[in-house]
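Worksheet: one structure, shown below.
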Amino acid sequence: MRIDIVTAFPDLVRGPLEYSIIRRARERGQVDIRVHDLRDYTTDRHRQIDDYPYGGGGGMVLKPEPIFRCIEAIQEEARRAGRPIDEVIYLTPDGQVFNQELANRLSLCQHLVLLAGHYKGVDQRVRDALVTMELSIGDYVLSGGELPALVVVDAIVRLIPGVLGDAESALTDSFQDGLLDAPVYTRPAVFRGMAVPEVLRSGDHERIAAWREEQRLLKTRQRRPDLLAQTESSMTHDE
Ligand code: 6GU
């Protein structure tokens with residue numbers, strides 16, 4: 001998979017891409033992630049990427065020209081490579097709320113472009129003419145789309161076939177089947193008087209599986225009853 005991230009703060013985005021699962025996937029060539037600095041696509045002496053909003057009001061708006069030049073350059077390169085762009089995604093608090101189902105869908109794509117807004121956002125003409133999907137990562141306001149872009153990339157990359165080993169498999173994740181995860185323990189068996197549940201040390205795999213299912217149901221009922229309602233309705237409505 002190819003992912004291009006377009007941003008006014010490239011260093012903010014690059015750092016986290018060099019750790020853990022994403023780093024390993026990049027090193028193995030399972031994902032090719034490029035970060036583009038919007039300032040590199042300016043043509044003026046001051047390399048200006050933002051300007052005051054028409055009609056007044058506070059904050060600055062990202063200018064359309066550098067964003068168009070950058071995304072059109074990505075589109076042109078993709079066309080030459082014969083690798084179509086699946087979506088141009090704008091990260092914005094007024095977008096569709098990102099979830100596991102969207103992550104699953106996007107993980108099947110060949111090429112995604114992620115545009116991180118900042119300040120008051122991007123000129124509306126970018127959204128009208130270039131953007132094909134708008135995503136939010138939840139109902140709270142962040143200073144820019146850079147951290148959301150990283151959240152979306154992380155959620156997607158770990159779902160690319162072969163990125164996670166069997167042991168880490170995404171199939172056992174919370175949310176992948178609509179339930180939260182069971183508690184996990186490692187050694188020592190007793191730590192400061194707190195013991196690991198006996199069943200996990202019993203070696204009885206059937207009992208362990210049953211215990212984990214029960215714990216997942218209990219935790220989900222307690223913390224996220226909304227998820228249980230969704231799971232039940234998807235079982236009856238065949239979604
Ligand atoms: Cl995608 N951007 C910003 N600025 N804030 C957010 C968000 C995105 N998702 C939730 N809050």
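The antiparallel fraction among DSSP beta bridges confined to the chain stands at about 20%. Once backbone amide H atoms are built at 1.01 Å from N, Val35 has Ile5 as its partners under 5 Å, excluding neighbours fewer than 5 places away on the same chain.
Taking 14 Å as the cut-off, the amide N atoms of region 22-54 that come nearer than this to a point 7 Å along the Cα-to-beta-carbon line of Lys120 belong to 50-54. Loop sites by DSSP among the chymotrypsin sites (Phe, Trp or Tyr not before Pro) of the chain, restricted to those with at most 11 other Cβ atoms within 10 angstrom, leave 141-239 as the longest stretch without any of them. Only Cα sites of region 4-84 enter the Debye sum here, all with the same form factor; the resulting log10 I(q)/I(0) across q = 0.14, 0.17, 0.23 1/Å is -0.62, -0.83, -1.10, listed in q order. One chain, two ends: Glu76 and Ile160. Fully extended at 0.36 nm per residue, the span grows by 27.7 nm beyond their Cα-Cα distance.
Simple point charges give the picture: +1 on the Cβ of Lys and Arg, -1 on the Cβ of Asp and Glu, and for the chain a dipole about the Cα centre of about 680 debye.
Ignoring the sites themselves, the chain has its longest run without trypsin sites (Lys or Arg not before Pro) in a DSSP loop having at most 10 other Cβ atoms within 10 Å at 46-191.
Modelled label positions at Leu147 and Arg223, each set 7 Å beyond Cα in the direction of Cβ, lie 2.0 nm from each other. Extending 7 Å from Cα along the Cβ direction at Asp181 and again at Tyr52 yields two label points whose distance is 5.1 nm. Only DSSP H runs of four or more residues enter the estimate; each adds -39500 (n - 2.57), and after division by the residues of the chain the mean residue ellipticity at 222 nm equals -11000 deg cm²/dmol.
Relative to the Cα centre, the charge distribution of region 33-110, modelled as +1 at Lys and Arg Cβ and -1 at Asp and Glu Cβ, gives a dipole magnitude of about 240 debye.
Among Gln222, Gln96, Gln48, the largest mean-square fluctuation in a Gaussian network model of the chain (Cα springs under 10 Å) belongs to Gln222.
Derived scalar couplings between HN and Hα for region 65-74 equal 4, x, 5, 4, 4, 5, 5, 5, 5, 5 Hz in order, rounded to whole Hz, by the Karplus curve 6.51 cos²θ - 1.76 cosθ + 1.60 (θ = phi - 60°), x for Gly and Pro. When the convex hull of its Cα atoms is viewed from all sides, the chain shows a mean projected area of 18.2 nm². Once the Cα atoms are used to define both axes, helix 205-223 deviates from the longest principal axis of the chain by about 50 degrees.
Normalised Debye scattering of region 38-168 at q = 0.16 Å⁻¹ gives log10 I(q)/I(0) of -0.88, counting only Cα atoms as equal scatterers and leaving out solvent.
Every read-out reported here was derived from the displayed coordinates using simple, explicitly stated rules and does not represent laboratory data. What you are looking at is a predicted structure, and each value in this text was computed from that prediction instead of being measured. Reconstructed Cβ throughout: ideal geometry from the backbone, glycine too, with neighbour counts over all protein chains shown.
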